[in-house]
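The values are calculated or read from the model by the stated rules, or taken from the named source; none is laboratory data. What you see is a predicted model; the values in this text were computed from it and never measured. Positions of Cβ are backbone-derived with ideal geometry, glycine not excepted, and every protein chain shown enters the neighbour counts.
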Amino acid sequence: MSLPELSLQIIYARLAWGLVAASMLLSVLPALLPKLFPALAQRTKLIVAVTVALVMVLPGAASPAYWLTLVFQYPSGLLTGYSLVALCARWNEKPVDFLLHPAFALLLTVLGVVLYLDAFGVLALGLYYHGFDADASAVLAVTMALAGVAAIWLRFGAGGAALLTGVLLFSLLRLPTGNLWDALLDPLLWAWALASLIAAACRYYIASKAGSQVQHTVAPDAKPELAQTRAGGME
């Protein structure tokens, strides 16, 4: 078991929470304040990013990262990776989906439920503690890295790049806590995955309901036409 230095964790918390906050602000400002930010220019994006970075690196309790870490612990490497990918996309004026891909959302949701039930003693599998084991974490890290490469190859670029970022942070620096599960999941990311999964289920339900309504609407219209055709043939 190898744990990161406390000073390195503090630096990581400042940087990671800065990435999360900056990516969120650049994503929601045009939607929340359309009159002030109808379209974020590069200069505005730079000002927002620099301001968030300066606020996050304030010493001690003056930094919002200090309180965010107390409430939510360290951001996972995967959440940091997603934030970095979203921030780069916003900077390059590319569209960013607010929801995770349904496949990633389902995987993270199930993983979070299992880990939380295990932590509460409902399952008592000891999965979280295996994240500190050198051999088990190495196998899982390699598996996750291959999954990230496969996701990029299958053109799930955001998820694959974020997953590779989380694995690299853990493999090279043991961040954020030295436990592989903390590199892949955190409460905020799990809540985001659950919300994305619920939204995807709602979309599927609405689409299927609309499709069934279209079928029911088209079917009655077809009968008079058929009747007219038959009547014309009889004449």
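Among the residues examined, Leu180 qualifies as more than 21 Å from Ala21 (Cα to Cα), in contact with a Ser or Thr (Cβ under 9 Å, 6 or more places away or on another chain) and of a type outside the set (D, E, K, R). Would you mind listing the helices (runs of 4 or more DSSP H) fully within segment 1-97 where at least 2 residues are more than 25 Å from Ala158 (Cα to Cα) and of a type outside the set (Ser, Thr, Tyr)? Result: 6-32, 42-56, 64-72. Out of Val57, Val96, one residue alone is farther than 15 Å from Leu25 by Cα, of a type in the set (Val, Ile, Thr) and touching a helix residue (DSSP H, G or I) at 6+ places or on another chain (Cβ under 8 Å). It is Val57.
If the condition is being free of Cβ contacts under 8 Å to residues at least 24 places away in the same chain and either farther than 18 Å from Asp186 by Cα or surrounded by 18 or more Cβ atoms within 10 Å (Cβ to Cβ) (or both), then segment 67-88 contributes only Cys88. Does Glu5 fit the bill of being out of contact with any helix residue (DSSP H, G or I) (no Cβ under 7 Å at 6 or more places or on another chain), surrounded by fewer than 18 Cβ atoms within 10 Å (Cβ to Cβ), under 28 Å from Asn179 (Cα atoms) and of a type in the set (Asp, Glu)? So Glu5 fits the description; yes.
All conditions in (1) crowded, with 20+ Cβ neighbours inside 10 Å; (2) closer than 19 Å to Gln9 by Cβ hold for Tyr128, with the sole exception of (1). Would you mind telling me which numbered condition in (1) surrounded by 14 or more Cβ atoms within 10 Å (Cβ to Cβ); (2) at pLDDT below 90; (3) over 19 Å from Pro187 (Cβ atoms) Leu99 fails? Tallying (1) surrounded by 14 or more Cβ atoms within 10 Å (Cβ to Cβ); (2) at pLDDT below 90; (3) over 19 Å from Pro187 (Cβ atoms), Leu99 fails exactly one: (3). Regarding segment 37-56, can at least one residue be identified that is out of contact with any Ser or Thr (no Cβ under 8 Å at 6 or more places or on another chain), aromatic (Phe, Trp, Tyr) and surrounded by fewer than 20 Cβ atoms within 10 Å (Cβ to Cβ)? No: segment 37-56 contains no residue that is out of contact with any Ser or Thr (no Cβ under 8 Å at 6 or more places or on another chain), aromatic (Phe, Trp, Tyr) and surrounded by fewer than 20 Cβ atoms within 10 Å (Cβ to Cβ).
Taking segment 138-167 as the range and being touching a residue at least 12 places away in the same chain (Cβ under 8 Å) and under 23 Å from Leu6 (Cα atoms) as the test, the residues that pass are Ala141, Thr165, Gly166, Val167. What's the number of the only condition in (1) closer than 30 Å to Lys45 by Cβ; (2) touching an Asp or Glu at 6+ places or on another chain (Cβ under 9 Å) that Lys94 fails to meet? Every listed condition holds for Lys94 apart from (2).
Could we say that Leu111 is closer than 14 Å to Leu184 by Cβ, in contact (Cβ under 8 Å) with a residue 60 or more places away in the chain and out of contact with any helix residue (DSSP H, G or I) (no Cβ under 7 Å at 6 or more places or on another chain) here? Write out each step before concluding.
On the way: closer than 14 Å to Leu184 by Cβ: yes; in contact (Cβ under 8 Å) with a residue 60 or more places away in the chain: yes; out of contact with any helix residue (DSSP H, G or I) (no Cβ under 7 Å at 6 or more places or on another chain): yes.
The answer is yes for Leu111.
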